[in-house]
Structure formats: structure tokens, C-alpha cells
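None of the figures in this text is laboratory data; all of them are computed from the coordinates on show. Since this is a predicted model, take the numbers as computed values, not measurements. FYI the Cβ positions are ideal-geometry reconstructions off the backbone, even for glycines, and counts take in every protein chain you see.
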């Protein structure tokens with residue numbers, strides 16, 4: 001059985017080569033040194049291809065070819081966008097799977113957030129500009145450590161109000177409101193900053 005497979009492959013190759021030679025015989029018979037012109041190397045190797053290429057009306061159908069090429073490229077773009085959407089959906093599912101596995105750790109984090117924070121970084125009422133900058137840096141570091149704590153954003157917003165940096169204060173209060181949307185005190189502080197910015 002295994003001996004037959006190489007034999008069949010060799011036989012198929014010989015038949016294929018003989019068919020090619022048989023089809024090229026009329027062109028080979030026409031070739032003489034007198035009829036051979038220099039520079040027609042491609043026409044000698046691929047006469048059928050060149051005849052078919054010459055029969056195409058490139059100028060007449062050129063615009064249609066470009067339209068078809070554009071359609072093909074648009075379809076290719078749509079396919080790539082679909083692949084991108086599928087990949088994005090898979091990534092979200094994978095992330096959700098990882099999140100559901102760590103539910104207990106999230107619950108613990110929530111309990112920790114509900115505890116009152118006695119922070120070293122709360123601004124002292126009377127501070128110099130240099131002290132305010134240092135306090136700002138400390139708060140930013142604390143926020144980087146615990147980005148889900150709305151109270152840190154609130155303290156930072158209060159600090160920016162003292163520094164008279166109203167746009168930064170507005171952003172800080174908005175970030176705090178995103179984390180704790182039902183906090184009336186944050187809304188009041190945010191609206192006060194907006195009023196000051198208008199004035």
C-alpha cells in the first residue's frame with residue numbers, strides 16, 4: 001500500500017509534464033533562430049499568458065477594475081472590523097471570568113472602603129503654596145494606590161479649591177461623583193466650583 005503512493009505521485013507528475021510539453025509543441029515548432037527577436041523572453045516562456053493579457057481591454061475596463069478593487073478592499077475592511085469586534089468580546093468575557101473568580105476580594109475591598117479613612121494627607125487649613133503642592137503630590141500618590149476611593153478625590157478637589165485651581169477641582173469632584181454618584185455633598189461642592197468658574 002505504501003509503495004503505491006510514491007508510484008502514483010511519480011506517474012501523475014510524468015503525465016502532467018507530458019501534457020504541458022504537448023500543449024507547448026505548436027509554439028516550440030514555430031521557434032526558429034530567424035523568427036526569434038531579442039527581448040521577447042517573456043513571450044517565449046508564456047505565450048498563452050501574453051495572448052490572454054493582450055486580449056484584455058485594460059483601458060476600456062480599467063475603471064471597472066478599480067471599482068471592483070475598491071469593493072474588495074471595503075469587504076476586507078468589514079471582515080477585519082468583525083474580527084476585531086469578536087476579539088474584543090472574547091477579551092471582555094475573559095476579563096469578566098477573572099472578575100467573577102475574585103468576587104470575594106472585591107467584597108473585602110468594598111468593606112475596606114466603607115471604613116472611615118483617617119489619612120495623613122488631609123490638608124491642614126492654613127498652608128503655604130509649597131505645602132499645598134506637597135499635599136497635592138501625597139494625595140496623587142494615595143489615589144494611585146487606591147483609585148476607587150472617592151474620598152481621596154474629594155480631598156484633592158478641596159485642596160485644588162484652596163489652591164484656586166478650579167478646573168482641577170472640577171475634575172476631581174467629577175471623578176469622586178463617578179465613584180459615589182448619590183453623594184449630595186459632592187454635588188454641592190461641584191456646583192460651587194462651577195459657579196466660581198462662570199464668575
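When 19, 3, 143 are sorted by how many other C-beta atoms sit within 10 angstrom of their C-beta, beginning with the fewest, the order is 3, 19, 143.
At an R0 of 35 angstrom, the distance between the Cβ atoms of residue 196 and residue 88 translates into a FRET efficiency of 0.25. Multiplying the residue separation of residue 164 and residue 80 by 0.36 nm and subtracting their alpha-carbon distance yields 25.3 nm.
Between residue 187 and residue 73, full extension at 0.36 nm per residue minus the direct alpha carbon distance yields a gain of 36.0 nm. A straight chain from residue 29 to residue 96 at 0.36 nm per residue would run longer than the Cα-Cα distance by 16.9 nm.
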